[in-house]
Amino acid sequence: MDETLRKVSNLGSEKFSPIKPTVIQYGTAGFRANSELLSHVMYRMGLLAALRSKKKKATVAVMITASHNPEEDNGVKLIEPMGEMLEITWESFATSIANAPDVELSICLESIINKEEIDFSLPADVVFARDTRSVDLHLSQAMQCGLEVMGSTFTDFGLLTTPQLHYIVRCMNTNGAYGEATEEGYYCKLAKAFASLRKSVLHVGNYDNKIQLDAANGVGACKMKEMIKHLECLLDIELHKDGSDGRLNYKCGADFVKVQQTSPEGVLLKPGVKYASFDGDADRIVFFYADEDHKFHLLDGDKIATLVANFLQQLITASGLSVNMGLVQTAYANGSSTVYITEELKIPAACVPTGVKHLHHQAQQFDVGVYFEANGHGTVLFSSKASEIIQNAVSHTGMTDEQKSAASKLLTVMDLINQTVGDAISDLLLVEIILCTFGWSMEDWDKCYIDLPNRQLKVKVKDRNDIQTADAERKVVKPSGLQEEIDQLVSKFNKGRSFVRPSGTEDVVRIYAEADCQVNADRLAHEVSVKVYEIAGGVGDKP
Ligand code: NG1
Ligand code: ZN
């Protein structure tokens, strides 16, 4: 071990020394920063991934992406053996290793090894992939050097969407029970489930299988082209923003469409046509359309969550199985969606802090847990108990044909869903199946409930970590006095709601507000950002 740690230190200071002494934090979804600052972080994440693999005695994964961030940023995150986000205690190890001075790197590694009682002589195995950012290759090589110096075996999967890598690592650690551990295996599993479900729907009503897809000029474009080859022409997808001419996430993609509440630049909306946008690494999707008056309508993660929960609830009821279902949201969920879920669908809804790991964890508390962030990141988890009940039902003699047919559909739906993490491609296919089953157009889907007008803003402050929150980020506890000011502002607006929190991926404080009309939502968001600026030490121009 000593010999390896010595090599780790030498290589670190010779080739991967930090360019400047900035502090970097393992945030909502790993490290994110300007690419130029990340070589040493990548190298060190290679070291940590090897340790995590030794600790878990399993293959782990490393994804190099900065998701919806601008092209010049990059990022890295570690993925657990079952495709889940890195365990929270290890996030702080990641932060300490990334920020350790060169001379303390081996001491820092050693302290993790001791704290976690890792048997260093065990083998390590890591799989990794990257999105289409131009500097990804260089950064992935730095990460690979970290793996090599630790003596870890590894497989470089090249370009993948984030959810494809999550899927592959889970397949590897379940001996193929979850699917074949290849990109091709991913397409085949999803496409087979899609075709089976699609062909069982005989009357499609108002449903239309045409989609105009904005792929954010990211990795989702080339991977969707591959998926289309497997879909037997059951969907008619036209790709926009496929990376051939345009910058990643620039005025396009799911984050742009959701936050700006408008269509991607250059994509002209034709009334009645269905549109969807992926984000840069294809783990988020939002839908949108224009009505006859050319008004833009967004169908975001909340609308997807309610659609999916409605569909699954109908199948569960039809199958007569006793499995419970719950829906998990964050404070960003539109107030109308929560009312619709609890009062119309009568499904229990939980609210957790931002970040997939929190949603995923909460969803595991249900037999069937649906979770979505309003931004379009989400999936469904089936507990092992639920999977077993559904599997047994298909061949159970005491059930009616209708019950068996519903159970069998549920089983196929489980194959269509990437249960490891939110997946834009899988979610797109799932939404299409549901719309087709319900015979719904975009307008039909949109009618389920009407979103409260809302606005997201951001404010730069001296240190965003000075803002501390509680109650699933719905209340500010520090700096003192800020929450009282927000309450005061909110009370002036009909149906007003607002909260603020430090971003985990950008150096800003995010502001969210909703109210009875767009003008009021905009005013409330603006007034709250002014308070944040004044009380939390804003920098730059006042909002
Ligand atoms: P931050 O920057 O912590 O708000 C954003 C999203 C999260 C999550 C992460 C990871 C919003 C408001 N926040 O986090 O939901 O998706 O990025 O990509 O959408
Ligand atoms: Zn993403």
Positions within the range 1-24 being within 16 Å of ligand 1 (Cβ to nearest atom) and either surrounded by 19 or more Cβ atoms within 10 Å (Cβ to Cβ) or more than 30 Å from Val356 (Cα to Cα) (or both), in sequence order: none
Consider Thr28 carefully, then state whether it is surrounded by 22 or more Cβ atoms within 10 Å (Cβ to Cβ), polar (S, T, N, Q) and either assigned by TED's automatic domain parsing to the domain that holds Thr95 or within 16 Å of ligand 1 (Cβ to nearest atom) (or both). no
Give the number of residues within the range 417-465 that are of a type in the set (Gly, Ala, Ser) and under 28 Å from Ala513 (Cβ atoms). 2
Given the options Asp300, Asp291, Asp242, Asp255, name the one that is over 21 Å from the mean Cα position of the chain (by Cα) and of a type outside the set (Val, Ile, Thr). Asp291
Search result, residues across the range 44-70 that are within 16 Å of ligand 2 (Cβ to nearest atom) and open to solvent by 20 Å² or more (accessible area, probe 1.4 Å): His68, Pro70
The strands (runs of 3 or more DSSP E) lying wholly within the range 392-508 that contain at least 3 residues that are of a type in the set (A, V, I, L, M, F, W, C) and surrounded by 18 or more Cβ atoms within 10 Å (Cβ to Cβ) are none
Residues that are of a type in the set (S, T, N, Q): find the strands (runs of 3 or more DSSP E) completely inside the range 1-97 holding 1 or more of those. 31-34, 73-79
Output for Cβ contacts, cut-off 7 Å, separation at least six or different chains, first residue outside the structural domain of Lys54 (by TED's automatic domain parsing) in the range 80-97, second open to solvent by less than 30 Å² (accessible area, probe 1.4 Å) and at pLDDT below 95, reads none
Only one of (1) more than 30 Å from Asp136 (Cβ to Cβ); (2) modelled with pLDDT of 95 or more; (3) touching a strand residue (DSSP E or B) at 6+ places or on another chain (Cβ under 8 Å) is not met by Gly272, so which one is it? (2)
I'd like the full set of residues that are of a type in the set (S, T, N, Q) and either surrounded by fewer than 24 Cβ atoms within 10 Å (Cβ to Cβ) or touching a Phe, Trp or Tyr at 6+ places or on another chain (Cβ under 7 Å) (or both), limited to the range 250-286. Gln260, Gln261, Thr262, Ser263
Close pairs from the range 51-65: first closer than 19 Å to Ile97 by Cα, partner within 16 Å of ligand 1 (Cβ to nearest atom) and among the β-branched types (Val, Ile, Thr), Cβ under 8 Å, at least 6 apart: Val60/Ile79; Ala61/Ile79; Val62/Val76; Val62/Ile79; Met63/Val76; Met63/Ile79; Met63/Thr162; Ile64/Val76
Of all residues making up the range 257-273, the number that are within 16 Å of ligand 1 (Cβ to nearest atom) and either without any contact (Cβ under 8 Å) to a residue 60 or more places away in the chain or in contact with a His (Cβ under 6 Å, 6 or more places away or on another chain) (or both): 3
Mind checking which pairs have a first residue in the range 298-313 that is within 19 Å of Phe382 (Cα to Cα) and a second that is open to solvent by 10 Å² or more (accessible area, probe 1.4 Å) and of a type in the set (Val, Ile, Thr), Cβ under 8 Å, 6 or more apart or different chains? Phe311/Thr437
State all residues of the range 333-352 that are without any contact (Cβ under 8 Å) to a residue 24 or more places away in the chain and among the polar types (S, T, N, Q); if no residue qualifies, say none. Thr338, Thr342
Go through Asp119, Asp125, Asp73, Asp136 for me and flag whichever is open to solvent by 10 Å² or more (accessible area, probe 1.4 Å) and under 17 Å from Leu37 (Cβ atoms). Asp73
Taking interchain pairs and intrachain pairs at least six residues apart, which have beta carbon atoms under 7 angstrom, with the first residue in the range 156-183 and within 21 Å of Asp131 (Cα to Cα) and open to solvent by less than 10 Å² (accessible area, probe 1.4 Å) and the second among the aromatic types (Phe, Trp, Tyr) and away from ligand 2 (no atom under 16 Å from the Cβ)? Gln164/Tyr186; Leu165/Phe157; Tyr167/Tyr186; Ile168/Phe157; Cys171/Tyr178
Specify which of the listed residues (Asp300, Asp293) is within 13 Å of ligand 1 (Cβ to nearest atom), out of contact with any Cys (no Cβ under 6 Å at 6 or more places or on another chain) and of a type outside the set (Phe, Trp, Tyr). Asp300
Taking the criterion of being closer than 27 Å to Thr469 by Cα, open to solvent by less than 30 Å² (accessible area, probe 1.4 Å) and assigned to a strand (DSSP E or B), would at least one residue in the range 316-326 satisfy it? yes
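The values are calculated or read from the model by the stated rules, or taken from the named source; none is laboratory data. Note that the structure is a prediction, hence the values are computed from the model and not measured. When we count neighbours, we look across all protein chains shown, and the Cβ atoms used for this are built from the backbone with ideal geometry, even at glycine. All accessible areas refer to the heavy atoms of the entire protein, side chains included, with ligands and DNA or RNA removed. Shrake-Rupley method; radii C 1.70, N 1.55, O 1.52, S 1.80 Å.
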